[in-house]
Structures are given as structure tokens and as C-alpha cells.
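Written below as C-alpha cells is the structure these notes are about.
The values are calculated or read from the model by the stated rules, or taken from the named source; none is laboratory data. Keep in mind the model is a prediction, meaning the values are calculated, not measured. Every residue, glycine as well, gets a Cβ built from its backbone with ideal geometry; the counts of neighbours run over all protein chains shown.
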Amino acid sequence: MNIRAHDMPLLASLKVMLDERNITRAAARLGISQPALSAQLARLRDIFKDQLLTPAASGKGMVLTPRGNELKEPLRLALQNLQDVIGAPAGFDPKKSDRTFTIGANDNATAIVGSRLVAFSRRDGLSGIRFAFRSIDLMKLAGQLEAGDLDVALVSKDAVPSGMPSQPLLDERFMMAQRKDHPRGLRRPTMREYSHLEHIIVSGEGGGFRGFIDDVLARDGLTRCVAVSVQHYSVVPLLLQSTDLVCTLPQRFLNRYRDVLQSLPLPFNTRPFTLHATWHARFDNDRGHQWLRQQLKDCATG
């Protein structure tokens, strides 16, 4: 039998012809012309090396050859199985799954959302599911999501790759952090004092000494001294505790260090910051991915 991939749709036409035993009715049912269906029948006869259907002696309709009659039931079952595969979405049972989800996030997002995700999964007895947290290179993020290297990434709204779906997880605001017993005291800094302090900056790409805060200061003709640039949030508390440096950090991050750090309102309004989960659109209807996105949302808001 010589059947090629592009011939597979002919099998659906064959089933209808075997059912109807009439080319005119079969063509109408398939929504194609009678000559087009006759051409398909010619190709099917060549594939199966059999006439499959022949004109009835009465001149009305057609009769099945022994081979055509033999094919009728297996063909019905095969097409029904194919329909079941297409129509039934892949299931996902988190209690039985051994799937690994790879999440792109900086250490702050991992600590805030990722830690709760892991804790909730352990609490619910989902011992088969594994989570891999990876740092993000924003320049490569779209490609990583498209290639499936990351299932989801936790980023700010303006970092969501163009055209990719996303959902907001949580809103965040920034505060100025300093060590306890800092010589400047607990008063809210003025714009000028803030610009004169020595700062630590968290640079996700590594090595940067400028951020959105500097754009805010520049609008008032001010600059600040950034003395230290780090790539990870987790090292900032250690640096703050042992120096008189300050750092502008997310409030939720600072809440974990209340015992050793002081947080103060900034002397200016900053743009809202919303953490988003983003993914490639091909995972929109993936049941496991839907479960992951809902878990992330629950962890962020719970």
C-alpha cells in the first residue's frame, strides 16, 4: 500500500463514501464537488489496489467490493479514535504528576512567590512535581519561553515579551532601606538628602549603576552616588548591616528583614510595579500549565 501523509484526509472521504454508497450524496455531505470526490476515489483505488465501490447493477448508487466492506469497520474505529484524541484535552492530576516546571525569576520573586509555591505543593502532598528556578536574561527571555527552556517567567509588566500572554500576580511599592541605628536617624529623607546618600543598586543584568530611580532624580536636576552594584537582592541586607549605605528595595522584600533593617518612605512617588507571570501562548490550554499559573496567582495573593 502506497499511502503518503497528504493522502490521510482521503480516509475520511472514504468512510463517507462507504456509508452513503452514492457519490452525489457523499459529495454533498463532505461539502465538495462530485468531480472532486470522484478524483479522490480514483486515488483511493490506486492506494488500496481495489475498486472499493462499483456501480450497482440497478444503476442507482454503488456497491462495496469485498475489500471495501472489509475496510468499513476498522476505518470507522480508526477515525473515531482520532476524533477522541483531538477532542479530549490532555489531563493533569497534580497528585499523580511527576512533571518538572521551570520558572524564570530573580531571587526576590523566587523568595516571595516561589517559596510559597514550593511550600503549598509540599503541604498538599504533591511530592512528584518538581520546580526549577532559573535566573532571567531579559534579552533572551522571549527565545527561552518560545523554546520551552522556561515554562513561565516572573517579571515586571514592561519586561513581558511582545505578543506573549501574561497575568498580574501582585503589586509592589518601593522603600528606602538602611541599617538599624543608622546615624541619619528615622526621618523621611528629602530629595536632596536622598541624592547625597551613598546607594546600593540591584542590577539584574549585572554591573549596572543606573536604574529607574535615577530617571526620577534627573527630572529634578539631581543625581545620586551609587557606590555598589549587585546582581542579587539576597546580598543587600548583609551589605546594609555593615555599612551606612542605603538601598531602594521592594516593600515585601524588606518585610523579611524587619529585625535588622529599617524601611522609610521615599521622598518622591515611584511608578507602580506589578509582578507578572508570562508564558508562551502554546501553553494556554495545557492543563498542567493552567494549574501552575493558578498556583502562582494563589501564592501571590494568599
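Is there a residue being of a type in the set (D, E, K, R), in a loop (DSSP other than H, G, I, E, B) and in the same structural domain as Ala105 (by TED's automatic domain parsing) anywhere in the range 143-152? There is at least one residue in the range 143-152 that is of a type in the set (D, E, K, R), in a loop (DSSP other than H, G, I, E, B) and in the same structural domain as Ala105 (by TED's automatic domain parsing). Total residues in the range 29-61 satisfying the condition of being surrounded by 12 or more Cβ atoms within 10 Å (Cβ to Cβ) and within 20 Å of Leu79 (Cα to Cα): the figure is 13.
In the range 101-113 there is at least one residue that is in contact (Cβ under 8 Å) with a residue 12 or more places away in the chain, of a type in the set (Ser, Thr, Tyr), within 30 Å of Ile129 (Cβ to Cβ) and part of a helix (DSSP H, G or I).
Scanning the range 129-163 for residues that are touching a His at 6+ places or on another chain (Cβ under 6 Å) and surrounded by fewer than 17 Cβ atoms within 10 Å (Cβ to Cβ) turns up Glu146, Lys157.
Only one entry in Cys247, Cys299 is touching a strand residue (DSSP E or B) at 6+ places or on another chain (Cβ under 9 Å), part of a helix (DSSP H, G or I) and either of a type outside the set (S, T, N, Q) or loosely packed, with under 14 Cβ neighbours inside 10 Å (or both), namely Cys299.
Could you list, in sequence order, the residues of the range 65-82 that are of a type in the set (D, E, K, R) and within 14 Å of Ser13 (Cα to Cα)? Walk me through it before giving the result.
Narrowing the range 65-82 to residues of a type in the set (D, E, K, R): 67, 70, 72-73, 76.
Those that are of a type in the set (D, E, K, R) and within 14 Å of Ser13 (Cα to Cα): Lys72, Arg76.
Determine whether Phe120 is outside the structural domain of Pro9 (by TED's automatic domain parsing), part of a loop (DSSP other than H, G, I, E, B) and either of a type in the set (Phe, Trp, Tyr) or within 19 Å of Thr301 (Cβ to Cβ) (or both). Lay out the reasoning, then the answer.
Working: outside the structural domain of Pro9 (by TED's automatic domain parsing): yes; part of a loop (DSSP other than H, G, I, E, B): no; either of a type in the set (Phe, Trp, Tyr) or within 19 Å of Thr301 (Cβ to Cβ) (or both): yes.
Considered against the rule, which asks whether it is outside the structural domain of Pro9 (by TED's automatic domain parsing), part of a loop (DSSP other than H, G, I, E, B) and either of a type in the set (Phe, Trp, Tyr) or within 19 Å of Thr301 (Cβ to Cβ) (or both), Phe120 comes out as no.
If you filter the range 62-97 down to residues that are among the β-branched types (Val, Ile, Thr) and modelled with pLDDT of 90 or more, you find that the one that is surrounded by the fewest Cβ atoms within 10 Å (Cβ to Cβ) is Val63.
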